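In what follows, a structure is listed as structure tokens, so that the remarks can point back to it.
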Amino acid sequence: MLGAIDQGLITALLALGIFLTFRILNFADLTVDGSYATGAVTTAVVIVNGNGQWWLPWVALAAGMAAGALAGLLTGLLHTKAHIDPLLASILVMLALYSINVRILSAGNNGVIRVTLGLVREEKRDLTTLFTWMRLLGFRGTWVSILVLVGIVIIVVLLLNWWLSTRFGLAVMATGDNPTMASAMGINNDTTKIVTLMVSNGLAGLAGAINAQFTFSATIEDGRGIILVGLASVILGNAIFGTRYVWLMTLGVVVGSVIYRVAIFGAMSWDFLETTDMKLISAVLVVIALVSTQWKGAHALVSRLTPWGPKDSTPEPMASVPNQFSPFAEVDSAHQGVLRTALGGHIDPGDDQEQSSNEEESPC
């Protein structure tokens, strides 16, 4: 159970990247299936080919994130400069990354092709990854590892919310809402798309890099179908926390990722299910999440249970006194006269006094 929470927190970084493209930018990006694995294999190769210095895992982490950002840059250029459909551009890059990841894993191995790379060494005194101390002390899959990963996720969420609150972040949201209007306001839609794709896939690469160092292995199959996990996390989180505020949406993505992993863990504990059924379970969970978001009863239940959800309120009564500064003040006064006649003179006397005072103050 605790191990599932660990995986959910790591996957939350990927889900935040998917949240940027699918929810904020309104861009169907499948590149993360490849950029996640790119971040993992890049980190593994940097660590294996290094000299075991204490700072090497941090460099490997940055390299994995940069490799994912480069994949997003390529997708953005194909879409904005080559005018290729967003979905097709991301699929092309995703397919190309499979061969690129194999080449990366073969780097420093005398050109021998390999599809997996382990990071566990016999010399336990060597600092292999950022989480080696957890493996040696037996803290993986415990509350200690959960607290460490929660700290990492909180830092990323805070940085992401800050970025979305900047002028450029607001421009990104404007591009996602209405590209035509954003362009009319002077926003360069191509730049916002390219940068957002780089940030999104950079987060995917960061998630893959952390997962490789946490599990002490990396394979080119790490990202296969990972976008389904990210989409499920985004859908579940937005269904629970709503979409009223950006910070609630990002928080919901993290919670949705953990819930998804725990649900997978619970489903896999059934005797009649095998590990090969995990993809089927993932698809079923996504379908359930999508259907539940379209159910009006679920929206009403969330609205009642969450303090930040929209509440039913009685609309404020319209003012009966005409606005003296309105260009239609004379029409409003005539309307009030008709209304007074229809009500048989039953109207608040304060209205008459206020109207008479307005007429006395008028220079006309």
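If you filter the range 197-246 down to residues that are in a helix (DSSP H, G or I) and of a type in the set (Ser, Thr, Tyr), you find that the one that is surrounded by the fewest Cβ atoms within 10 Å (Cβ to Cβ) is THR215.
Of the helices (runs of 4 or more DSSP H) lying entirely inside the range 1-117, none contains at least 2 residues that are without any contact (Cβ under 8 Å) to a residue 60 or more places away in the chain, hydrophobic (A, V, I, L, M, F, W, C) and within 27 Å of ILE259 (Cβ to Cβ).
Across the range 27-64, the qualifying residues are those that are of a type in the set (A, V, I, L, M, F, W, C) and surrounded by 24 or more Cβ atoms within 10 Å (Cβ to Cβ), and the one among them that is nearest to VAL172 (Cα to Cα) is VAL32.
Checking each residue in the range 130-162 for being at pLDDT below 85 and part of a helix (DSSP H, G or I) picks out THR132, TRP133, MET134, ARG135, LEU136, LEU137.
Residues satisfying the criterion are present in the range 230-237 (criterion: closer than 22 Å to LEU30 by Cβ, out of contact with any Ser or Thr (no Cβ under 9 Å at 6 or more places or on another chain), of a type outside the set (Lys, Arg) and touching a residue at least 24 places away in the same chain (Cβ under 8 Å)).
The values are calculated or read from the model by the stated rules, or taken from the named source; none is laboratory data. What you see is a predicted model, and the numbers here were worked out from it, not measured in a lab. As a convention, Cβ positions derive from the backbone with ideal geometry for all residues, glycine included, and neighbour counts pool all protein chains shown.
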